[in-house]
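Enquirer: Next up is a structure, given as structure tokens.
Where a number appears in this text, it was derived from the coordinates with a stated rule and is not lab data. No experiment lies behind these values; they were computed from the predicted model shown. Every residue, glycine as well, gets a Cβ built from its backbone with ideal geometry; the counts of neighbours run over all protein chains shown.
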Amino acid sequence: MASRVILITGCSTGVGLATATLLARSGHVVYASMRNLAKKDELQKAAAEAGALPENLHFTQLDVTNDESVASAIGTIPKYHCISVEKFCIHILFMEI
């Protein structure tokens, strides 16, 4: 599978944390977002233990209920990764583990 650039919300706990860990370990570039960046330590630890390369995991603050926060989070992603606010959508990825 080709490497993808993926923005995931809610990465401080639960499904978001597990998804970010799995996808970073699988070689994808993951922008892990959460409302409170002080909670990123658990994800960093889980990703490292899973064998994810540190350069595959990036962190950004994001509150999905706030349009300015969404635009700001997307703005932290380098332009060469080509995410457009106007065409921002959610994709569900099913992977065989």
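Enquirer: Kindly list the residues of region 51-75 that lie in the label zone of A38, defined by a backbone N under 18 Å from the point 7 Å along the Cα-to-C-beta vector.
Expert: So the set is 60-63.
Enquirer: May I ask you to order 51-60, 26-35 by the average number of other C-beta atoms within 10 Å around their residues, highest value first?
Expert: Per-residue Cβ counts within 10 Å, averaged per peptide and sorted highest first, yield 26-35, 51-60.
Enquirer: Can you tell me, using C-alpha contacts under 8 Å and at least 6 residues apart, the relative contact order of region 5-81 as a whole percent?
Expert: Over region 5-81, the number comes to 30 percent.
Enquirer: Let me ask something else about it. How are the Cα pair distances of region 5-81 distributed, in percent, across 5 Å bins from 0?
Expert: Spelled out per bin, shortest first, that is 3, 19, 30, 25, 15, 6, 1.
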